[in-house]
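Structure first, commentary second.
The values are calculated or read from the model by the stated rules, or taken from the named source; none is laboratory data. Please read all numbers here as calculations on a predicted model, not as lab measurements. Here the Cβ positions follow ideal geometry from the backbone for every residue, glycine too, while neighbour counts run over all protein chains shown. Side chains included, ligands, DNA and RNA excluded: accessible areas come from the protein's heavy atoms. Shrake-Rupley method; radii C 1.70, N 1.55, O 1.52, S 1.80 Å.
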Amino acid sequence: MSKTAITARQAGFVLCQKCRLLSVQEAFSHNLHCPRCGARLRLRKPESLARTWALLITSLILLFPANLLPIMTVTYLGEKEPNTILRGVQYFIESGTYVIAFLIFFASILVPVFKVAGIMLVLLSIQRNWKGWLRHKTLMFRMIRFIGRWSMLDIFVIALMVAVVEFGSLNSIHAAPAATYFAGVVVFTMLAANTFDTRLIWEETDR
């Protein structure tokens, strides 16, 4: 950031997070509200780091049963066969549908791990006062928020397979417990990304 540039906070302004109105923070207090929409005005999201850590740790805990437990159960001629995410990827590779196998592996394994590791790295860099790579960390957080919408691909694949493969009582597919844990991972990582205030990455440079 240029040495001559100043932030809105340094210039005495505060941005409304609801209607995006920029207000002067003269006589700023904790009871100040936006003159346009009436929302509470804050320089930073309250307890952003603590809330993001709580949501991130929850998603990290759920990540293990989501990958270790069966995510779907296939019943063929009365025999039930539970399948994990990795087993599903292996099945599509063996059947020659490499594109679907790659999409499931990318969306169900790589993306959640990348999101958890990326958010954790940013949080640690703030608490440990690591001042380098600020632009890269900001860009990575934008990517985390963008790819969050594709994280439910594995659940969509299960729903599609249920609709396509269902043939009465002889052959059926049902979601297994890991699907619930996986959905929890997606929800909590998205909440963690939205709870975190990215302005904290640049906090040290604003002083």
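For (1) at pLDDT 80 or above; (2) open to solvent by 50 Å² or more (accessible area, probe 1.4 Å); (3) at positive phi; (4) among the aromatic types (Phe, Trp, Tyr), each residue gets a yes or a no:
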site: Ser23; (1), (2), (3), (4): no, no, no, no
site: Arg42; (1), (2), (3), (4): no, yes, no, no
site: Leu69; (1), (2), (3), (4): yes, yes, no, no
site: Met72; (1), (2), (3), (4): no, no, no, no
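The set of residues in the stretch 118-133 being farther than 17 Å from Ser48 by Cα and either in contact with a helix residue (DSSP H, G or I) (Cβ under 6 Å, 6 or more places away or on another chain) or loosely packed, with under 12 Cβ neighbours inside 10 Å (or both) consists of Lys131, Gly132.
Scan the stretch 71-90 and tell me whether some residue there is aliphatic (A, V, I, L, M), in contact with a helix residue (DSSP H, G or I) (Cβ under 9 Å, 6 or more places away or on another chain) and free of Cβ contacts under 8 Å to residues at least 12 places away in the same chain. For the stretch 71-90, residues aliphatic (A, V, I, L, M), in contact with a helix residue (DSSP H, G or I) (Cβ under 9 Å, 6 or more places away or on another chain) and free of Cβ contacts under 8 Å to residues at least 12 places away in the same chain: absent.
Here the helices (runs of 4 or more DSSP H) wholly within the stretch 38-120 that include at least 1 residues being farther than 30 Å from Ile201 by Cβ and among the small types (Gly, Ala, Ser) are 85-94, 98-105.
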